[in-house]
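Report on the structure given below.
The values are calculated or read from the model by the stated rules, or taken from the named source; none is laboratory data. None of these values were measured; they are calculated from a predicted model. All Cβ positions, glycine included, derive from the backbone under ideal geometry; neighbour counts span all protein chains shown. Quick note on the areas: whole protein, heavy atoms, side chains included, nothing else; ligands and nucleic acids left out. Shrake-Rupley method; radii C 1.70, N 1.55, O 1.52, S 1.80 Å.
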Amino acid sequence: QVQLVESGGGLVQPGGSLRLSCAASGFTFSSYTMAWYRQAPGKERELVATIMGTGGVTTYGDSVKGRFTISRDNVKKMVYLQMSILKPEDTAMYFCKAMAFDSWGQGTQVTVSS
């Protein structure tokens with residue numbers, strides 16, 4: 001079955017950077033669009049970024065454009081989220097997802113605070 005394992009979260013100061021990773025298994029990884037979502041306490045889950053199977057087309061939420069970069073490695077079956085110029089409002093649990101499936105990983109917590 002679909003399995004997604006996120007890692008790389010942590011505590012970072014405003015203006016700092018983090019790189020999140022997601023290991024995928026249980027499906028033909030290169031065939032599917034992958035996404036990163038985030039959910040802050042008391043808020044709905046928000047779509048952060050997507051990347052198509054070939055890796056050539058990406059989309060970003062307005063709140064992260066110009067600061068976050070999504071990428072993937074189809075050989076390693078990994079998807080990444082490079083986050084820069086982090087702001088306190090980026091604090092959330094971050095999840096990766098294969099858009100065609102309903103499965104979610106456990107997420108990785110990102111906290112931006114001084």
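Does residue 90 satisfy the criteria of being exposed (fewer than 15 other Cβ atoms within 10 Å of the Cβ) and acidic (Asp, Glu)?
Criteria not met by residue 90.
Just to be sure, is residue 97 touching a residue at least 60 places away in the same chain (Cβ under 8 Å), within 17 Å of residue 23 (Cβ to Cβ) and of a type in the set (D, E, K, R)?
So residue 97 passes the test.
Listed here are the residues, each with its yes/no results for (1) buried (at least 20 other Cβ atoms within 10 Å of the Cβ); (2) aliphatic (A, V, I, L, M).
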position: 13; (1), (2): no, no
position: 16; (1), (2): no, no
position: 20; (1), (2): yes, yes
position: 38; (1), (2): yes, no
position: 42; (1), (2): no, no
position: 64; (1), (2): yes, yes
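Kindly list the number of the only condition in (1) within 17 Å of the chain's Cα centre (by Cα); (2) open to solvent by 50 Å² or more (accessible area, probe 1.4 Å); (3) more than 18 Å from residue 61 (Cβ to Cβ) that fails for residue 1.
Against the list (1) within 17 Å of the chain's Cα centre (by Cα); (2) open to solvent by 50 Å² or more (accessible area, probe 1.4 Å); (3) more than 18 Å from residue 61 (Cβ to Cβ), residue 1 comes up short only on (1).
Out of the strands (runs of 3 or more DSSP E) lying entirely within the stretch 2-91, which hold 1 or more residues that are closer than 15 Å to residue 111 by Cα and not acidic (Asp, Glu)?
So the answer is 3-7, 10-12, 18-25, 34-39, 78-83.
Could you please find all residues in the stretch 49-58 being without any contact (Cβ under 8 Å) to a residue 40 or more places away in the chain, within 19 Å of residue 19 (Cβ to Cβ) and within 14 Å of the chain's Cα centre (by Cα)? Talk me through it step by step, then tell me what you get.
Within the stretch 49-58, the subset without any contact (Cβ under 8 Å) to a residue 40 or more places away in the chain is 49, 51-58.
When the remaining residues are screened for being within 19 Å of residue 19 (Cβ to Cβ), the result is 49, 51, 55, 58.
Those that are without any contact (Cβ under 8 Å) to a residue 40 or more places away in the chain, within 19 Å of residue 19 (Cβ to Cβ) and within 14 Å of the chain's Cα centre (by Cα): 49, 51, 58.
Only one of these is under 11 Å from the mean Cα position of the chain (by Cα) and either within 17 Å of residue 7 (Cβ to Cβ) or free of Cβ contacts under 8 Å to residues at least 60 places away in the same chain (or both): 45, 72. Name it.
Values: 45 fails: under 11 Å from the mean Cα position of the chain (by Cα).
It is 72.
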